[in-house]
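Everything below concerns the one structure shown next.
The values are calculated or read from the model by the stated rules, or taken from the named source; none is laboratory data. All of these numbers come straight from a predicted model, not from anything done at the bench. Glycine also receives a Cβ, built like all others from the backbone with ideal geometry; neighbour counts cover every protein chain displayed. Keep in mind that these areas ignore ligands, DNA and RNA; they rest on the heavy atoms of the full protein, side chains included. Shrake-Rupley method; radii C 1.70, N 1.55, O 1.52, S 1.80 Å.
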Amino acid sequence: MPKLTETFARKVPQTKSGTDKHWDSEVKGLVLFVGKKSKTWYFQKDIGGQTRRVLIGRFPVISADTARQTALGFALEWGRGAGKIIQIGAPTLEEAMEGYLGSG
């Protein structure tokens, strides 16, 4: 695993098909997805048996340093348990009812 730097992100070639994933050696969960047309930063972590992935942004609009700082923030928050309550996708009917009934 390389350290995901500005130089690495700039030099890593686009793929001819599919997506390559490059994981950072320093910030666990920071990953650069490289496809045919774009390079995209994500933060990914397994929480409660499910993989959670959050989009950070596209390179070069989002620099390697900004992606790293954002990933560190997610790692800190999710380490405190915030990742368990982050809603990814639409809630189930049961979750929506619990949220609605619990807020009144």
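If you line up the long axis of helix 93-103 against the longest principal axis of the chain, both from Cα atoms, how many degrees apart are they, to the nearest 10? For helix 93-103, the angle is close to 70 degrees. Compute the acute angle (0 to 90°) between the alpha-carbon long axis of helix 64-79 and the principal axis of greatest extent of the alpha-carbon atoms of the chain; round to the nearest 10°. In the chain, helix 64-79 runs at an angle near 30 degrees to the longest axis. Seen from Asp24, the other residues with C-beta closer than 10 Å to its C-beta sum to a net charge of +2, counting Lys and Arg as +1 and Asp and Glu as -1. Ignoring ligands, DNA and RNA, what percent of the accessible area of the chain is carbon or sulfur (1.4 Å)? The value for the chain is 54 percent carbon and sulfur by accessible area.
Note on Lys36: aspartates and glutamates with a C-alpha under 12 Å away, same-chain residues under 8 apart excluded, are Asp20. Counting only other residues whose beta carbon sits under 14 Å from that of Thr7, what net charge do I get with K and R as +1, D and E as -1? Overall, the nearby charge balance is +2. Accessible area per residue for the chain is 68 Å², calculated with a 1.4 Å probe on protein heavy atoms, without ligands, DNA or RNA.
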